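Presented below is the structure to which this report refers.
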Amino acid sequence: MKKNLLSTAAAALALILGASGCQDTVNTVENRDLAMNPDSVDTRAFSTDSFCRDRLALISMRRSKTPGGVMMVQAQIRSERYGFWSELWSGMTGTNPYYVLYRFDWMDENGMAVSTAANAWQPLIFAPGEVKFIQGVAPNSRCKDFILSVREDPSAR
């Protein structure tokens, strides 16, 4: 009985140590003295589903204009699932890496949605701890606002 308990504990320890060596997180470095002057956007325009709510975090949202005067938006998003226990759980449930879809919906000066062929969902894959930049360009100069939506990719399950 004691030998069986000892071998079970040893197997569990080997499994934990083996899983901790399999973490696939991303390390990043950023310039400390940033020389840019970005136009930040209020983040009320970011919506996610229940799958992405605890897995992805919006770091920043910036707005700019193309040389033709059309609005361009860039969102910086980070995968919040990293560390031993998150990696272990994600590995057991098959949710690592994260397969998500995103899209920009554009609004005119009256708050009405502007229909465009570019409103299709775009695929994106996040590794644990990874930071990605998502960019969107408005279809025309009448667009004054946007909504960025992110959801789980159902075809990846």
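The values are calculated or read from the model by the stated rules, or taken from the named source; none is laboratory data. Being a predicted model, the structure only gives us computed values, none of them experimental. Cβ atoms come from the backbone with ideal geometry, glycine included; neighbour counts cover every protein chain shown.
Taking the conditions (1) crowded, with 17+ Cβ neighbours inside 10 Å; (2) at pLDDT 80 or above; (3) small (Gly, Ala, Ser); (4) over 15 Å from ILE147 (Cα atoms) in turn, ALA75 satisfies each one other than (4). For ILE125, the conditions (1) assigned to a strand (DSSP E or B); (2) surrounded by fewer than 16 Cβ atoms within 10 Å (Cβ to Cβ); (3) over 15 Å from the mean Cα position of the chain (by Cα) all hold with the exception of (3). Residues in segment 99-122 that are closer than 25 Å to ALA57 by Cα and either β-branched (Val, Ile, Thr) or assigned to a strand (DSSP E or B) (or both): TYR99, VAL100, LEU101, TYR102, ARG103, PHE104, ASP105, TRP106, MET107, GLN122.
The residues of segment 101-122 that are among the acidic types (Asp, Glu) and surrounded by fewer than 16 Cβ atoms within 10 Å (Cβ to Cβ), listed by number, are ASP108, GLU109. Is it fair to say GLU87 is more than 18 Å from PHE133 (Cα to Cα), acidic (Asp, Glu) and modelled with pLDDT under 70? So GLU87 fits the description; yes.
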